[in-house]
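A.B. asks: Below: one structure in structure tokens.
The values are calculated or read from the model by the stated rules, or taken from the named source; none is laboratory data. Just so you know, these numbers come straight off a predicted model, no measurement behind them. With ideal geometry, Cβ positions are generated from the backbone for all residues, glycine too; neighbour counts draw on all protein chains shown. Keep in mind that these areas ignore ligands, DNA and RNA; they rest on the heavy atoms of the full protein, side chains included. Shrake-Rupley method; radii C 1.70, N 1.55, O 1.52, S 1.80 Å.
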Amino acid sequence: AGRVAVTAYNILGQPIQLADYGTRQAGSLRLPWRHGAAMAGGVYFFTIDLDGTRMEVRKLLVVR
């Protein structure tokens, strides 16, 4: 369990959006991403942080 945050970065590594999901229980989670409409088509990376510690980095392809 801990505080979960997701940050999206553009291809240059600049942070463009942050979603804070608050404190969540341990285990598998589905987190809604409601910020996609503001993102142009392209390649993005996002990080999943738990209590301020980076846990995961993934690639995201937005197709418009």
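A.B. asks: What nm distance separates the two modelled labels at Ile11 and Glu56, each placed 7 Å from Cα along Cα→Cβ?
C.D. replies: Each label point is offset 7 Å from its Cα along the Cβ direction, giving 2.5 nm.
A.B. asks: Within a Cβ distance under 11 Å of Tyr21, other residues only, what is the Lys/Arg minus Asp/Glu net charge?
C.D. replies: +1
A.B. asks: Can you list residues whose amide H is under 5 Å from Tyr21's amide H, if they're 5+ apart or on another chain and H is modeled 1.01 Å from N?
C.D. replies: Val4, Ala5, Val6
A.B. asks: Probe radius 1.4 Å, ligands and nucleic acids ignored: give me the carbon and sulfur share of the accessible area of the chain as a rounded percent.
C.D. replies: The C+S portion of the solvent-accessible surface of the chain is 55 percent.
A.B. asks: While we're on this one: Hey, in the GNM for the chain with a 10 angstrom Cα cutoff, which one of Gly42, Gly27, Gly13 fluctuates hardest?
C.D. replies: The residue that fluctuates most here is Gly27.
A.B. asks: Given a 1.4 Å probe, how much area per residue of the range 1-50 is accessible, in Å²?
C.D. replies: On a per-residue basis, 65 Å².
A.B. asks: Along the range 42-59, what does the Karplus equation 6.51 cos²θ - 1.76 cosθ + 1.60 (θ = phi - 60°) give for ³J(HN,Hα), rounded to whole Hz, x for Gly and Pro?
C.D. replies: x, 9, 10, 10, 9, 10, 10, 10, 10, 6, x, 9, 5, 9, 7, 10, 9, 9
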